[in-house]
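These notes are about the structure you will find just below.
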Amino acid sequence: TGRHHPWHPDNKKYAKVNCGGHTAKSCQGCPQGHGKDWCNGDCGKSGKAQRTLQLEKRERAKLSEGAKDGNYLTLSVVLPCGFEHEFFVRTVQSVFYETPKEILKEVVVVDDASDPSLKTMWSEEDAAEFSVKYVRLDEPHGLIGAKQAGANAATGDIIVFFDCHVKPAEDYWVPYVKEVQENYKRVVIPTITNLNVDKWEEFGRPKGSGGGMSKCYLTFDAEFKWTTDNTPYVPIMSGGLLAISRKWFFEIGGYDSSMKGWGGENLDQSLRIWTCGGEIVTAPKSYVAHMWRDGTAKTKAKYKVGAGDAIKNRARAVKAHLGRWYDKTLTFPSFAQWRGKELDTSSITDAFSDLKCENFEWYLNRFKHIYQDAGVIPKEVFQIEAIPRGSSTPMCLELKAMKWTNYGSADQLVLKECTGSTPNEPRPIWWHKSSRLEDGSCCGSLRAWNTDQCIDGRNTKLGEKEIATYTCDLDSGYEAYLQHSNDGGEGEFLLKIGRGSSDHCVGFTEDFSLETVDCRTKHASKWRKRHAFTPIEYDLLSSESKNDWEKES
């Protein structure tokens, strides 16, 4: 990205009009080719050195009269803005207008080697009227390095990390100040909703307080999955949006200096915070609308990420924190390159070596409602074999497309030839109980081991020929489970499917295609567990933890 682009000020061929703060040959040639409408009508003839911005003018949020005498913590909002020419000004304005002057210390805009620089769009003098402090990085540092540079420049009591394409809602800041004032080691996560960048409006906020997304949980392939529960605590942050006291951020060592680009920093930071004496909580009434990267030209990231940086970052994060469970991570194909190799994580572990942090098993027990009650760490894994009708080849349930990964979205079930007694290849043919029942105990669903896929029982219909899977809902209740068959032999089960009380079952035909059938008819097929074993992630628990988990189950 540089001088060849139509909006670069040195590209005189295209400097005919100003549109959306950039130069272009014509209004229809507005950045990314989206035209005048995409620029919100901001398109006109360009002077040689003149660049105009349509700045929003409205009343700024104020503290209530009764609150003005309070002793409030101040915020430094850090925006990592590599090549965010289209959105950074509107993001800054949104932050500025929604934050009272007594609360907002500054908006630190980190220009991560953007070309042209962000200051060519919005001068330092003009931006200062909106409390902007520019930090310019002449060489690209990536998202992680840019955030650290912004934190180094911040002077407020609380550092708020936002992406450079967000719009916070009214009073978004209130929970940050309240929660951190009570405990400086408490990190606060807003509720993330959706941002329409054309209209610069939030959309799709679920009704009632707490709608949107705020919390994730960690899987052993160093992925993180969105989840919900009835607690305020966040096991793993999604990454980009959070509020943390400046004191605590630097006590735990900040972002790892050896991580490149982006990816994995949220895992490292989350595990540092929890195991070293802090906590991460949701702010259900702090709404921040976020532009998601949806694959379109408008939302596509303009910066480059080094090949292999994200997976190496994640590998370093889990090796530094997971202890003996790192062996589990290495069983996934995406981490095969690290088997038997040294991976230096001293820059992470040295950063918090003086804080007397807990180990990863402590973390698993802290979030037992996920790892035990929702079955993320199963005691038993097994194949689900169709009891044949005259067939000599054992057939088992398997995902059609996926392999071992928790980075999935949806799949479907098929019957394939069963495998041997040990998982020597990454086939999603192994299953375990998953997801909490209404009383919070385990389990009401079936999850493909080493994946994020559960059998989909949300809207079952008799006669359906495809049995779908979807990203597990850890609070699904009864959805798909093996129930002992009253008219079958020992160890024979019905595979029931459907939320709540359902008479639907998974059946199979003579050619081993699947369908949804009535459990009460002769078409209700029988199944059995095959080659059950205890997986490594459970075996690695201490005998004390195993005893506690087994008592509670």
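The values are calculated or read from the model by the stated rules, or taken from the named source; none is laboratory data. Being a predicted model, the structure only gives us computed values, none of them experimental. Ideal geometry is used to build each Cβ from the backbone, glycine not excepted, and the neighbour counts take in all protein chains shown. In case anyone asks, the SASA skips ligands and DNA or RNA and just uses the protein heavy atoms, side chains included. Shrake-Rupley method; radii C 1.70, N 1.55, O 1.52, S 1.80 Å.
Pairs meeting the criteria (first residue in region 163-184 and over 19 Å from Gln93 (Cα atoms), second residue hydroxyl-bearing (Ser, Thr, Tyr), beta carbons under 6 Å, at least 6 apart or on different chains) are Pro175/Ser286; Val177/Tyr72; Val180/Ser245; Tyr184/Ser245. Selection of region 365-407 for residues being assigned to a strand (DSSP E or B) and either touching a helix residue (DSSP H, G or I) at 6+ places or on another chain (Cβ under 6 Å) or open to solvent by 10 Å² or more (accessible area, probe 1.4 Å) (or both) yields Glu385, Met395, Thr405.
Can you list the strands (runs of 3 or more DSSP E) lying wholly within region 199-311 that have 3 or more residues being open to solvent by 30 Å² or more (accessible area, probe 1.4 Å) and not hydrophobic (A, V, I, L, M, F, W, C)?
Of the strands (runs of 3 or more DSSP E) lying wholly inside region 199-311, those with at least 3 residues that are open to solvent by 30 Å² or more (accessible area, probe 1.4 Å) and not hydrophobic (A, V, I, L, M, F, W, C) span 279-290.
Scan region 436-475 for residues that are closer than 22 Å to Asp518 by Cβ and among the small types (Gly, Ala, Ser) and jot them down.
Gly444, Ser445, Gly457, Gly463, Ala468, listed by residue number.
A quick yes/no check of all residues on (1) in contact with a strand residue (DSSP E or B) (Cβ under 7 Å, 6 or more places away or on another chain); (2) part of a loop (DSSP other than H, G, I, E, B):
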| site | (1), (2) |
| --- | --- |
| Pro426 | no, yes |
| Lys433 | yes, no |
| Ser445 | yes, no |
| Glu464 | yes, yes |
| Thr469 | yes, no |
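Please work out which residue is surrounded by the fewest Cβ atoms within 10 Å (Cβ to Cβ), limiting yourself to region 425-460 and to residues that are polar (S, T, N, Q) and in contact (Cβ under 8 Å) with a residue 24 or more places away in the chain. My answer is Ser441.
The one condition from (1) in a strand (DSSP E or B); (2) among the basic types (Lys, Arg); (3) closer than 30 Å to Trp362 by Cβ that Lys496 does not meet is (3).
Looking at Leu118, Leu73, which one is open to solvent by 20 Å² or more (accessible area, probe 1.4 Å), of a type in the set (A, V, I, L, M) and in contact (Cβ under 8 Å) with a residue 24 or more places away in the chain?
Values: Leu118 fails: open to solvent by 20 Å² or more (accessible area, probe 1.4 Å).
Result of the check over Leu118, Leu73: Leu73.
Contact annotation: residue pairs with Cβ atoms under 9 Å, 6 or more positions apart or on different chains, pairing a residue in region 218-230 that is in contact (Cβ under 8 Å) with a residue 40 or more places away in the chain and over 18 Å from Ser409 (Cβ atoms) with a partner that is aromatic (Phe, Trp, Tyr) and in a strand (DSSP E or B), are Leu218/Phe224.
Taking the criterion of being in contact with a helix residue (DSSP H, G or I) (Cβ under 9 Å, 6 or more places away or on another chain), buried (at least 23 other Cβ atoms within 10 Å of the Cβ) and in a strand (DSSP E or B), would at least one residue in region 134-151 satisfy it?
No - not one qualifying residue is present in region 134-151.
The residue pairs whose first member lies in region 486-500 and is free of Cβ contacts under 8 Å to residues at least 24 places away in the same chain and under 14 Å from Thr521 (Cβ atoms), whose second member is buried (at least 16 other Cβ atoms within 10 Å of the Cβ) and among the β-branched types (Val, Ile, Thr), and whose beta carbons are closer than 9 Å, counting only pairs six or more residues apart or on different chains, are Lys496/Val506.
The requirement of being open to solvent by less than 40 Å² (accessible area, probe 1.4 Å), in contact with a His (Cβ under 9 Å, 6 or more places away or on another chain), charged (D, E, K, R) and under 17 Å from Phe382 (Cβ atoms) is fulfilled nowhere in region 526-547; no residue meets it. Taking the numbered list (1) at pLDDT below 95; (2) touching a Leu at 6+ places or on another chain (Cβ under 8 Å) in turn, Gly420 passes all entries but (2).
Quickly run through region 349-364 and pick out the residues that are crowded, with 17+ Cβ neighbours inside 10 Å and not in a loop (DSSP other than H, G, I, E, B). Those that are crowded, with 17+ Cβ neighbours inside 10 Å and not in a loop (DSSP other than H, G, I, E, B): Ala351, Phe352, Phe360, Glu361, Tyr363, Leu364.
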